[in-house]
Structure formats: structure tokens, C-alpha cells
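Following: one structure in C-alpha cells, then a few remarks.
The values are calculated or read from the model by the stated rules, or taken from the named source; none is laboratory data. Just so we're clear, the structure is a prediction, and the values are computed from it rather than from any experiment. All Cβ positions, even for glycine, are placed from backbone atoms using ideal geometry, and neighbour counts span all protein chains on display. SASA here: full protein model, heavy atoms, side chains in, ligands and nucleic acids out. Shrake-Rupley method; radii C 1.70, N 1.55, O 1.52, S 1.80 Å.
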Amino acid sequence: MENLVEVNDIHFKRGDKAIYQGVSLVVPRGKVTAVMGPSGCGKTTLLRLIGGQLKPQQGTINFAGMNIPSLGRGALYEARKRMSMLFQSGALFSDMTVFDNVAFPIREHTNLPENIIATIVKMKLEAVGLRGAGSLFPGELSGGMARRAALARSIALDPELIMYDEPFAGQDPISMGMLVKLIKELNHTLGLTSIVVSHDIHEVMSIADHVAIMANQRVVAQGSPEELKASDNPLVQQFLNGDADGPVPFHYGATPYHEDLLGGSR
Ligand SMILES: Nc1ncnc2c1ncn2[C@@H]1O[C@H](COP(=O)(O)OP(=O)(O)OP(=O)(O)O)[C@@H](O)[C@H]1O
């Protein structure tokens, strides 16, 4: 199968508020897919739907031939072992060394002997350039190193899919450049499929093979970075060029201003 994930016509509400009204997108296998869009459009929600932490009211989410929303608990648990999610806050356990942080999921989910675990941990740390930092505690790491250590932990069990939520947020340009390169390299050397949610348009466009742009409760465009740059969709252009004015309004939906001011309600 060409796509590892296929999201088809998802409708999702929180209370009365429609977050998605027909979201569809594909995540090609072996590639880096970027998901971008204005703040609050539902990018993190998408990752949680794919991971099965949230359930849509309508639509299908196909992951490796399984429809995630219809899986029972046991099957979902098995499917989740094949995915990994790296949140911005992807906190390391502060009372454990970097080595033990990376070993943690392996010890939890397998019965492998310690010498094999040590080999796997060293390989994962080597992959993120931190093999020399195994004995350090998270408090002794820079922000960029901590994120790389969290990345090593998230690939400890060799997932097929890795989902990054804002992996570059709060990083200085050097560390950001390193993470960008690392995400791309890991995807190719480990044969992963990656989804990267990010506001850092230039960074993410530089490593993405496939890009989906969300707005107005939908995916408004998807394709290669070149295809999107050439798109004549004004929403796509507003977003890629960072224009304040365009089809995405600056104001969050509200009652008319004069009514609000004169009406006296809060
Ligand atoms: N736990 C929650 N309960 C109710 N509404 C929520 C909850 N979490 C998120 N939302 C709403 O769902 C919408 C999508 O949120 P989400 O975090 O997915 O957006 P996002 O695109 O990732 O935003 P950002 O880029 O700012 O991180 C927002 O309108 C948000 O207010």
C-alpha cells in the first residue's frame, strides 16, 4: 500500500463546536508529511484522532489496513505500539538518566535481557547524536538535547509511524536546524513514516515530501511543497506567505462588535 494512513471525510465536534467538517488526507508510506494551518484549526486533534485517543463522529482513519476508530481496546493497543507521538512537551522522566529514559519503553513492552536493551539504547542514542550523554539526567541537557533524547525514546520500539507535534517550538536556530535534519534522516535511515505538525513553514517545507494545509474545518490543499507553492488557492498563499490579510480572518467568530459593546452582556 502506498499510503500508511488515509483519513477519509472525518467529521469531529467538541460539544456543539465543529472542529472538522469533512477532513480527508493521505500520509504516504516512507515519506515526511507536514500538516500546517492556522492556530486552532485542529492539527493536534488530527494526531490524536490518528492515534485513537479521540474518536470522530463520522469518517474513517485507515492505518496499515485497520480503521482506527472502529478498533476495540486490544486491537487499538496493538496498533498504537506501531505508532509513536512526540509532543512538544514530550517530557523526559527527570529522575532517570537519558539511558534509562530510552530504555523505559523497551523494559515496559518487551522481555528482552538487559544486554540487548543496552545495545538497542546505544543505537537509538547514536542515531540522535547522544550516545555520549546516556549517563546525564534531563536537567543537565540543553533544550535541543532534551528533545533529541525524547526522540530517541520515541523510536526505541521501532515504530512505523512517528508523529511530531511542533518539534521545533522554542528552539534556537542551530538546534532547530539540527532537529529538522534529524527528522529527515531518521525517516529515511529507519524506514519510518513521519507526520510533522509545525508552524515553522520554511523548516518543514524543506524536509516534507507531502504537505497538507488545514483551514476552515477541512484540508484545503495537499501535495508536494512545489505543488503547494504553485497553488492559486488564496488560502494556501495566505498561509505560506504569512499574510495577515486573506481568507483566514484575524478575528475569532463573534457577535457584531457594536451589539457586543451595547448589549451589556459578557
Ligand atoms: N480538550 C478540549 N476541549 C474542547 N475543545 C478543545 C479541546 N482541545 C482543543 N479544543 C479545540 O479544538 C480546536 C482544535 O485544537 P487543536 O489543538 O487541534 O488545534 P491546533 O491546530 O493544533 O492549534 P495550535 O496550532 O494553536 O496548536 C480548537 O478550536 C480548540 O479550541
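A few remarks follow.
- Of all the listed residues (Ile10, Ile50), the sole one being more than 9 Å from the ligand (Cβ to nearest atom) and touching a residue at least 60 places away in the same chain (Cβ under 8 Å) is Ile50.
- When restricted to residues that are assigned to a loop (DSSP other than H, G, I, E, B), under 22 Å from Leu4 (Cβ atoms) and more than 14 Å from the chain's Cα centre (by Cα), segment 160-191 contains 2.
- Residue in segment 150-161 that is surrounded by fewer than 19 Cβ atoms within 10 Å (Cβ to Cβ) and more than 24 Å from Arg48 (Cβ to Cβ) present: no
- Within segment 14-34, not a single residue is in contact (Cβ under 8 Å) with a residue 60 or more places away in the chain, outside any strand (DSSP E or B), open to solvent by less than 70 Å² (accessible area, probe 1.4 Å) and within 16 Å of the ligand (Cβ to nearest atom).
- Among (1) at positive phi; (2) free of Cβ contacts under 8 Å to residues at least 60 places away in the same chain - the single one Gln217 does not satisfy: (2)
- Taking segment 94-156 as the region of interest, the helices (runs of 4 or more DSSP H) fully inside it that hold 3 or more residues being over 26 Å from Glu78 (Cα atoms) are 143-154.
- Residue satisfying all of: in segment 215-262; loosely packed, with under 13 Cβ neighbours inside 10 Å and among the hydrophobic types (A, V, I, L, M, F, W, C); modelled with the highest pLDDT among these: Ala230
- Among residues of segment 192-203 that are part of a loop (DSSP other than H, G, I, E, B) and away from the ligand (no atom under 12 Å from the Cβ), those with a beta-carbon under 6 Å from a residue that is modelled with pLDDT of 90 or more and open to solvent by less than 10 Å² (accessible area, probe 1.4 Å) at least six positions away or on a different chain give the pairs Leu192/Ile162.
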